[in-house]
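Notes follow once the structure below has been shown.
The values are calculated or read from the model by the stated rules, or taken from the named source; none is laboratory data. A quick note: this is a predicted structure, and the numbers were derived from the prediction, not measured. Positions of Cβ are generated from backbone atoms using ideal geometry, with glycine treated the same way; all protein chains shown enter the neighbour counts.
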Ligand SMILES: Cc1cc2nc3c(=O)[nH]c(=O)nc-3n(C[C@H](O)[C@H](O)[C@H](O)COP(=O)(O)OP(=O)(O)OC[C@H]3O[C@@H](n4cnc5c(N)ncnc54)[C@H](O)[C@@H]3O)c2cc1C
């Protein structure tokens, strides 16, 4: 069972995010980290390969400046290798362009299964998984919470608002994995040391046979036209309890139709 896990390397969400003033895009410079959302896919990929009794997990990432910090974290968890696509010509690439690059890189690994998160922490369009599946001509299952391989098929419990659906599709397939479905392992010291020597195959757009004009700013069909700060949270209402505090709370809950 060879599994590809797409991992996005993102600016640390605990830090201050900066937007480019003219393009309104997130400034991705300096050290990038493994998107926590993708640690669930990495863990699930490792578990599926272990259960199958063979095979390995290959990471695929597109990131600027030959960034590998986030990849090294996932390699330390146990992934065997990584494919990184990093090319100045990719600056300004929109979601579909990103999916084209990732799909071409995934093809090289000839996987049985492709895992992604349902959405990234810094972009969260949630469109990449289905776009990759469409480009590769594979079935796509989103919001996967439990994944079981049976022969040439994969059975997925797919999270819905009411519960879950059971879906079976033939392999290879692209599954997006919801956060919290598995407990991502902490990289051990041995794993961190081993990760330093694991292969990271760095590719340019031309290595993937992609027409350069289909990606980057020139190939982008999306444009961020404006960015508006989120509305600041309004101050809460303080209820002073002069003996009728409970009555005030009940009246408030009735007013907002909670009771
Ligand atoms: C006009 C425009 C210009 C842009 N320019 C840039 C730019 O110059 N540089 C830049 O970095 N971004 C740029 N972006 C953002 C970039 O297009 C998105 O971050 C990217 O398309 C992924 O979208 P998302 O994060 O919403 O993915 P989602 O669909 O929310 O991601 C779902 C999952 O797909 C996988 N995934 C997504 N992206 C990657 C990735 N890069 N590598 C590996 N796995 C991935 C992960 O598993 C992720 O959790 C631009 C966007 C627009 C609209």
Checking the conditions here, which among 115, 136, 102 is within 20 Å of residue 50 (Cβ to Cβ) and touching a helix residue (DSSP H, G or I) at 6+ places or on another chain (Cβ under 6 Å)? 115
Please enumerate the residues belonging to the stretch 41-69 that are closer than 26 Å to residue 93 by Cα, surrounded by 24 or more Cβ atoms within 10 Å (Cβ to Cβ) and out of contact with any helix residue (DSSP H, G or I) (no Cβ under 8 Å at 6 or more places or on another chain). 41
Residue 158 versus (1) within 11 Å of the ligand (Cβ to nearest atom); (2) free of Cβ contacts under 8 Å to residues at least 24 places away in the same chain: which is the lone unmet condition? (1)
Within the stretch 99-128, residues crowded, with 22+ Cβ neighbours inside 10 Å, without any contact (Cβ under 8 Å) to a residue 60 or more places away in the chain and near the ligand (Cβ under 9 Å from one of its atoms) come out as 99
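When you check residue 33 against the structure, is it within 16 Å of the chain's Cα centre (by Cα) and surrounded by fewer than 23 Cβ atoms within 10 Å (Cβ to Cβ), yes or no?
Here the answer is yes, as residue 33 does meet what is asked.
Conditions (1) over 22 Å from the mean Cα position of the chain (by Cα); (2) in a helix (DSSP H, G or I), marked per residue:
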| position | (1), (2) |
| --- | --- |
| 169 | no, no |
| 180 | no, no |
| 184 | no, no |
| 190 | yes, yes |
| 197 | yes, no |
| 206 | yes, yes |
| 222 | no, no |
| 227 | yes, no |
| 234 | yes, no |
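Would you be able to say whether some residue in the stretch 105-117 is part of a helix (DSSP H, G or I), over 24 Å from residue 227 (Cα atoms), out of contact with any strand residue (DSSP E or B) (no Cβ under 9 Å at 6 or more places or on another chain) and modelled with pLDDT of 95 or more?
Yes, that holds for at least one residue.
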